[in-house]
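Trainee: This is the structure, below, for whatever I ask next.
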Amino acid sequence: MDIILLSTADWDNPFWTNKQHVALELSRLGHRVLYVDSLGLRRPTASARDLRRIGKRLMKAVRPPRKVRDNLWVWSPVVLPWQRYSVIRRINRLLLNAGLWLWMKALGLKRQWLWTYNPLTTAFFDLRSFDCCIYHCVDEIKAQPGMPVEALEQAEEDLSRRVAIIFATSTQLAETRRVWNAHTYYLPNVADFQHFNTALDPRTVIPADLAAIPGPRMGFIGAISGYKVDLKLIRHLAESRPDWSIILIGEVGEGDPWTDASLLHGLDNLHLLGPRAYEDLPAYLKGFDAALLPNLVNDYTDAMFPMKFFEYLAAGCPVVSVKLKALEEFTAVASVTSNPAEFTAAIEQVLGGNAPDLEQRLSMARAHTYEARTLRMLALIDGVCS
């Protein structure tokens with residue numbers, strides 16, 4: 001099939017999510033995929049990060065889609081970011097449809113499948129022009145800072161009712177969307193097992209910057225954003241156990257420029273290494289004695305399945321997490337805790353050798369891969385779109 005994949009993340013974002021991995025798996029299976037970069041749902045700020053992103057986007061927008069893999073092209077369209085205003089959405093609809101028509105014609109693509117992650121899709125495209133429409137719901141996007149909540153709520157219900165099928169990455173997302181569409185299926189986030197399992201390869205070397213930090217090392221990898229990471233918990237952990245090194249790998253304020261990172265400064269055993277390339281993450285995980293999921297518990301994380309969970313397991317890391325709803329069924333392979341005292345005690349248990357069995361952790365990760373999940377999704381799509 002020819003597939004237009006409407007993403008909410010730019011292809012070249014250093015932290016890959018469902019969108020990039022699904023596009024890659026679909027192209028590997030022989031489908032031709034046009035990956036459409038994020039359309040800028042969050043309102044921009046005057047921060048240096050947002051201004052740089054706008055500048056890069058404008059530079060990319062004048063270029064044709066670029067081929068990044070066999071059967072896979074990436075298009076960065078021109079859009080106005082103030083999506084809360086209906087007039088802006090109408091302008092963006094004209095820009096997007098004109099650009100899509102032009103580049104699909106240039107690439108020889110047909111309007112067969114629309115695979116979307118964007119709740120505002122019906123504001124931009126006429127779903128009737130595609131043979132089959134799929135909504136992959138991976139986040140409660142309206143719960144993120146700076147989002148046009150009212151517009152998202154109305155548009156997402158409209159989208160959910162009109163697509164052929166919905167895939168949701170948490171039980172809460174599935175339950176709420178199933179009210180609108182009976183063809184809603186829960187398929188959790190997964191991992192590239194082979195990639196992250198290289199952490200257990202004897203030839204994989206712990207990076208020098210991490211190796212220089214004394215152990216034991218507790219680490220978190222991901223966006224360090226105030227709306228989903230519990231910065232108070234991280235500081236509590238560092239203050240209460242000065243003999244532990246707390247490692248944070250990721251960009252502070254990614255997706256949330258209002259993040260106050262002051263709690264992460266001033267402690268000798270709290271190390272912010274910044275973002276690292278995807279291909280280097282297994283080597284960093286090899287240097288962790290425990291991998292952490294120190295998330296806030298709120299409306300966003302209640303509907304979230306943490307991307308890093310199966311990546312941590314595939315790397316062989318013992319996992320210590322706060323009590324996320326999505327992880328209730330995985331307590332046999334991870335330590336899921338209810339408060340800071342339990343969180344700290346669980347790490348102590350791991351350091352004492354009392355972690356879930358390694359082979360059990362690896363077996364769970366092997367069962368949750370992008371390849372297996374994509375094949376499952378395609379089989380379900382065939383049942384409703386054939």
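Trainee: Tell me the angle of helix 18-28 to the major Cα principal axis of the chain, expressed in degrees between 0 and 90 and rounded to the nearest ten.
Mentor: Approximately 70 degrees, to the nearest ten.
Trainee: Moving to a separate point now. Using a ≥ b ≥ c from the Cα gyration tensor of the chain (square roots of the eigenvalues), is it rounded, prolate or oblate, where a/c under 1.5 gives rounded and otherwise the larger of a/b and b/c decides, a/b for prolate? Don't jump to the answer; show the numbers that get you there.
Mentor: Values: a/c = 1.77, a/b = 1.57, b/c = 1.12.
Prolate, since a/c reaches 1.5 and a/b exceeds b/c.
Trainee: Right, here's the next one. Could you tell me what percent of the DSSP beta bridges with both partners in the chain are antiparallel, to the nearest 5?
Mentor: Details: 4 of 46 bridges.
Once the DSSP bridges in the chain are tallied, antiparallel ones form about 10 percent.
Trainee: Go through His183, His265, His195 and list them by solvent-accessible area, largest first, probe radius 1.4 Å.
Mentor: On the way: His183 80, His265 110, His195 35 Å².
Ranking His183, His265, His195 by accessible area, largest first, yields His265, His183, His195.
Trainee: Further, regarding this structure: Lone cysteines in the chain, going by a 4.7 Å Cβ-Cβ cut-off?
Mentor: If one checks each Cβ against the other cysteines of the chain, Cys133, Cys137, Cys317 turn up with nothing under 4.7 Å.
Trainee: Exactly which chymotrypsin sites (Phe, Trp or Tyr not before Pro) in region 246-292 are in a DSSP loop and have at most 12 other Cβ atoms within 10 Å?
Mentor: Details: sites: Trp258, Tyr278, Tyr284, Phe288; in loops: Trp258, Phe288.
Answer in residue order: Trp258.
Trainee: Read phi for every residue in region 2-12 and hand back ³J(HN,Hα) as whole Hz from Karplus 6.51 cos²θ - 1.76 cosθ + 1.60, θ = phi - 60°, with x for Gly and Pro.
Mentor: 8, 10, 8, 9, 8, 8, 10, 9, 5, 4, 8
Trainee: Another question, then. Please list, in order along region 360-374, the HN-Hα scalar couplings obtained from phi with the Karplus expression 6.51 cos²θ - 1.76 cosθ + 1.60 (θ = phi - 60°), rounded to whole Hz, x for Gly and Pro.
Mentor: For region 360-374, the Karplus curve yields 5, 5, 5, 4, 5, 5, 4, 7, 10, 10, 4, 4, 5, 5, 5 Hz.
Trainee: What order do Thr259, Thr121 take when sorted by accessible area (1.4 Å probe), most exposed first? It would help to have the intermediate numbers written out before the result.
Mentor: Details: Thr259 25, Thr121 0 Å².
The ordering from most to least exposed comes out as Thr259, Thr121.
Trainee: Next question. Per residue of region 153-167, in order, report the coupling 6.51 cos²θ - 1.76 cosθ + 1.60 (Karplus, θ = phi - 60°) as ³J(HN,Hα) in whole Hz, putting x for Gly and Pro.
Mentor: With the stated coefficients, region 153-167 comes to 4, 5, 5, 5, 5, 4, 4, 4, 6, 9, 6, 6, 7, 10, 10 Hz.
Trainee: Over the heavy atoms of Lys232, what accessible area does a 1.4 Å probe trace out, to the nearest 10 Å²?
Mentor: Here the residue's solvent-accessible area equals roughly 150 Å².
Trainee: Under a point-charge model restricted to the Cβ atoms of Lys and Arg (+1) and Asp and Glu (-1), what is the dipole moment magnitude of region 227-266 relative to its Cα centre, in debye to the nearest 20? Provide the component values of the computation, followed by the final result.
Mentor: Numbers: 4 positive and 7 negative charges, 30 e Å.
My answer is approximately 140 debye.
Trainee: Let me ask another. Could I have the simple spin-label model distance between Lys110 and Tyr278, label points 7 Å from Cα toward Cβ, reported in nm to one decimal?
Mentor: It is 2.9 nm.
Trainee: Please name which of Gly266, Ala303, His31 has its Cα lying farthest along the dipole of the chain towards the positive end, using unit charges on Cβ (Lys, Arg +1; Asp, Glu -1) and the Cα centre as origin.
Mentor: His31
Trainee: Suppose all protein chains stay in the model; what accessible area per residue would a 1.4 Å probe give for the chain, in Å²? Mind dumping the intermediate values first?
Mentor: Numbers: 16180 Å² over 386 residues.
Per residue, the chain has 42 Å² of solvent-accessible surface.
Trainee: If you take the beta carbon distance between Ala367 and Arg241 as r and set R0 to 41 Å, what does 1/(1 + (r/R0)^6) give as a FRET efficiency, to the nearest 0.05?
Mentor: On the way: r = 33 Å, r/R0 = 0.82.
Efficiency, rounded to the nearest 0.05: 0.75.
Trainee: Separate question: Would you mind telling me the share, in percent, of accessible area of the chain contributed by carbon and sulfur at probe 1.4 angstrom?
Mentor: Details: 8570 of 16180 Å².
Looking at the chain in its full context, I get 53 percent from C and S.
Trainee: May I pose another question? Treat each spin label as a single point 7 Å out from the Cα along the C-beta direction, and report the His265 to Leu95 distance in nm.
Mentor: 3.5 nm
Trainee: Once you sort the root eigenvalues of the Cα gyration tensor of region 143-200 as a ≥ b ≥ c, which label holds: rounded (a/c under 1.5), prolate (a/b larger than b/c) or oblate (the other case)?
Mentor: Cα axes put region 143-200 in the oblate bin.
Trainee: Kirkwood hydrodynamic radius, region 233-386, all distinct C-alpha pairs: what's the number in Å?
Mentor: Values: mean 1/r = 0.0584 Å⁻¹.
That comes to 17.1 Å for region 233-386.
Trainee: Out of every Cα pair in region 252-311, what percent are spaced more than 15 Å from each other?
Mentor: Numbers: 1209 of 1770 pairs.
Summing the P(r) tail past 15 Å for region 252-311 gives 68 percent.
Trainee: Place a +1 charge on the Cβ of each Lys and Arg in the chain and a -1 charge on the Cβ of each Asp and Glu, then give the dipole magnitude about the Cα centre in debye, rounded to the nearest 20.
Mentor: Working: 43 positive and 42 negative charges, 346 e Å.
With only Lys, Arg, Asp and Glu charged at Cβ, the dipole is about 1660 debye.
Trainee: Would you please give the residues with an amide H less than 5 Å from that of Asp12, counting only those at least 5 places away or on a separate chain, with H modeled from the backbone geometry?
Mentor: none
Trainee: Here's another thing I want to ask about it. Using 0.36 nm per residue of separation minus the Cα-Cα distance, give me the extension gain between Arg69 and Val205 in nm, one decimal.
Mentor: 46.1 nm
Trainee: With +1 on the Cβ of every Lys and Arg and -1 on the Cβ of every Asp and Glu, and nothing else charged, how large is the dipole of region 266-355 about its Cα centre, in debye rounded to the nearest 20? If you can, show how the numbers build up before the last one.
Mentor: On the way: 5 positive and 11 negative charges, 15 e Å.
That gives region 266-355 a dipole magnitude of about 80 debye.
The values are calculated or read from the model by the stated rules, or taken from the named source; none is laboratory data. What you see is a predicted model, and the numbers here were worked out from it, not measured in a lab. So basically every Cβ, Gly included, is an ideal-geometry build from the backbone, and we count neighbours across all protein chains shown. Calculation scope for accessible area: heavy atoms of the full protein, side chains included, ligands and nucleic acids excluded. Shrake-Rupley method; radii C 1.70, N 1.55, O 1.52, S 1.80 Å.
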